[in-house]
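Student: Would you mind keeping the following structure in view while I ask a few things?
The values are calculated or read from the model by the stated rules, or taken from the named source; none is laboratory data. Note that the coordinates shown come from a computational prediction; the quantities given were computed from them, not determined experimentally. FYI the Cβ positions are ideal-geometry reconstructions off the backbone, even for glycines, and counts take in every protein chain you see. Accessible surface is based on the protein model in full, side chains and every heavy atom, while ligands, DNA and RNA are left aside. Shrake-Rupley method; radii C 1.70, N 1.55, O 1.52, S 1.80 Å.
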Amino acid sequence: MTRVLVVDDEPQIVRALVINLRARAYEVDAAHDGATALKLAAARHPDVVVLDLGLPDLDGVEVIRGLRGWTRVPILVLSARHSSDEKVEALDAGADDYVTKPFGMDELLARLRAAVRRAEPAGGVEGDVIVDTGEFTVDLAAKKVNRAGKDVRLTPTEWHLLEVLVRNSGRLVGQKQLLQEVWGPSYGTETNYLRVYMAQLRRKLEADPSHPKHFVTEPGMGYRFEK
């Protein structure tokens, strides 16, 4: 059974989420502030976190960073903040998706299911869990990358981008598909995000980032991972 941690200081929102999630056979824990959320996450190990940014004690972004210090649990941000800068800050801190208030329950639940699905170990590339390029290895189950005998530290967003490409090894993945799988369903035109994060992946993993052979750009179309 999937365990959800709901973090929001508005009792009516917490109540609505708890009722709807439990009705769909989710186990639910609730926290009304950031400190309680971090303690509950450590004690209960949720499968997904639904997090409001406007908490009474800590800013939600601080909670995201606190969680990302030790876990890759999917984090779905729920917030009344509408500016793109605040969305980018939350996503860069490690959130997986962003839903603005007021929200539709069906959309929220669909995004929650998608976040959980992305976090589950899937079949991998042609059944492989570990992909070896000769220059670096990607362990899809452990969510680790190793290069020259050392673990490579990736941000959650970098990992999600890498994972989508590796699971589609040898195939073109379109810009819109990448944006929606990594940043969420409401994204599709922010190709500058892809350029920035692909540059970071190449810098960390390619022998010659200016002439990449594993992370290939198909101009105007998308990207392809080659072993």
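Conditions (1) outside any loop (DSSP other than H, G, I, E, B); (2) at pLDDT 95 or above; (3) of a type outside the set (A, V, I, L, M), marked per residue:
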{"residue": "Leu154", "(1), (2), (3)": "no, no, no"}
{"residue": "Trp159", "(1), (2), (3)": "yes, no, yes"}
{"residue": "Glu163", "(1), (2), (3)": "yes, no, yes"}
{"residue": "Leu179", "(1), (2), (3)": "yes, no, no"}
{"residue": "Gly184", "(1), (2), (3)": "no, no, yes"}
{"residue": "Gly188", "(1), (2), (3)": "no, no, yes"}
{"residue": "Leu194", "(1), (2), (3)": "yes, no, no"}
{"residue": "Gly220", "(1), (2), (3)": "no, no, yes"}
{"residue": "Arg224", "(1), (2), (3)": "yes, no, yes"}
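Student: Also: Condition test on Glu206, is it more than 28 Å from Glu107 (Cα to Cα), of a type in the set (Asp, Glu) and in the same structural domain as Asp139 (by the TED database)?
Tutor: yes
Student: Is one or more of the residues making up segment 86-94 outside any helix (DSSP H, G or I) and either open to solvent by less than 50 Å² (accessible area, probe 1.4 Å) or touching a residue at least 60 places away in the same chain (Cβ under 8 Å) (or both)?
Tutor: yes
Student: Then there's this: Which of (1) modelled with pLDDT of 95 or more; (2) open to solvent by less than 60 Å² (accessible area, probe 1.4 Å) is the odd one out, the single condition His32 does not satisfy?
Tutor: The one condition His32 does not meet is (2).
Student: Going by the structure shown, is Ala207 in contact (Cβ under 8 Å) with a residue 60 or more places away in the chain, surrounded by fewer than 19 Cβ atoms within 10 Å (Cβ to Cβ) and among the hydrophobic types (A, V, I, L, M, F, W, C)?
Tutor: Yes, satisfied.
Student: Another question about this same structure. Can we say Asn168 is in the same structural domain as Pro219 (by the TED database), surrounded by fewer than 14 Cβ atoms within 10 Å (Cβ to Cβ) and not charged (D, E, K, R)?
Tutor: no
Student: Of the residues that make up segment 61-72, is at least one hydroxyl-bearing (Ser, Thr, Tyr), more than 13 Å from the chain's Cα centre (by Cα) and surrounded by 14 or more Cβ atoms within 10 Å (Cβ to Cβ)?
Tutor: Checking segment 61-72: not a single residue is hydroxyl-bearing (Ser, Thr, Tyr), more than 13 Å from the chain's Cα centre (by Cα) and surrounded by 14 or more Cβ atoms within 10 Å (Cβ to Cβ).
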